[in-house]
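Peer 1: Before we start, here is the structure in question, set down as structure tokens.
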Ligand code: UDP
């Protein structure tokens, strides 16, 4: 299995990669490094939509586990994703990449609302579009937001840049014998509950035939390698 030609991509970054080596929050130096990788991908001719998680700041599930109302905590998580989006917009613009943030929770002092046709126009004009606040509803994650935006923006692939270098048959942090897949089908991911993305995100990608590429964004230059079909990654698609 290999990837189709990619012209437009949805890049999903976990919030935790913005922490760099910190335990919490945003490391501006690391965000600047990430922005350089995004710029290189854009300079290679790609149209780029970005979705950034919020786990470096707040996750609704963690709040709920400590007694908070889940929906309230999830809205806080969504707000965290807007902060990350603004940090990435700042870093991208500092390296000369015009960028627009569109949030699923309207916040017109700091960003645009999500308007698909306007996002299309931004991409045509060579801007990177960062979609913030996930799907704008609690009980979802930014993985579902990424799958939704990838579908509506007709992206050729969803690249999930995270701290692990692909999808394993069991958790590599707990099982030293865990085996990484080079490729795996959507149905296997769902049936075996493999940790890639939420089931709703995987199903949305499957139904819209959007390949998911899981790779580590922590290693410098990895985004370019993955886009060139090299490097370590797992591709989730139909067989
Ligand atoms: N969230 C939500 N709805 C969405 C997207 C995000 O409620 O559509 C909340 C949820 O609480 C989630 C948090 O925002 O835990 C941060 O997003 P996520 O956990 O996906 O971040 P990541 O793990 O990618 O850093």
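Computed from the coordinates by the stated procedures, all read-outs in this text should not be read as laboratory data. Please read all numbers here as calculations on a predicted model, not as lab measurements. Backbone-built Cβ (ideal geometry, glycine too); neighbour counts: all protein chains shown.
Peer 1: Where both residues lie in region 129-239, what percent of DSSP beta bridges are antiparallel, nearest 5?
Peer 2: That works out to approximately 35 percent antiparallel.
Peer 1: OK, next. Kirkwood Rh over Cα pairs of region 142-226 into Stokes-Einstein at 20 °C, 1.002 mPa s: D in µm²/s?
Peer 2: Diffusion coefficient, whole number: 160 µm²/s.
Peer 1: As a check on your grasp of the helix formula, calculate [θ] at 222 nm for the chain: sum -39500 (n - 2.57) over DSSP H runs of n ≥ 4, divide by the residue count, round to the nearest 500.
Peer 2: Result for the chain, helices only: -11000 deg cm²/dmol.
Peer 1: Next up: Quickly rank 54-63, 70-79 as a protection proxy: mean count of other C-beta atoms within 10 Å, highest first.
Peer 2: 54-63, 70-79
Peer 1: When ranked by the protection proxy of mean other Cβ atoms within 10 Å per residue, highest first, what sequence do the peptides 5-11, 159-165 form?
Peer 2: 159-165, 5-11
Peer 1: Further question on the same structure: Using 0.36 nm times the number of residues separating residue 175 and residue 62, minus their current alpha carbon distance, what extension gain do you get?
Peer 2: Value of the extension gain: 38.3 nm.
Peer 1: Taking R0 as 41 Å, what's the FRET efficiency between residue 228 and residue 69 from their Cβ-Cβ distance, rounded to 0.05?
Peer 2: Given R0 = 41 Å and the Cβ-Cβ separation, E is 0.35.
Peer 1: Expressed in whole Å with the largest first, what are the equivalent ellipsoid semi-axes of region 40-183 derived from the C-alpha gyration tensor as the square root of 5 times each eigenvalue?
Peer 2: Semi-axes from the Cα gyration tensor: 26, 22, 13 Å.
Peer 1: Just for the chain, what percent of DSSP beta bridges are antiparallel, to the closest 5?
Peer 2: 10
Peer 1: Let me ask something additional. Calculate the length of the line joining the C-alpha centroid of region 132-195 to that of region 41-96, in whole Å.
Peer 2: What the calculation gives is 16 Å, centre to centre.
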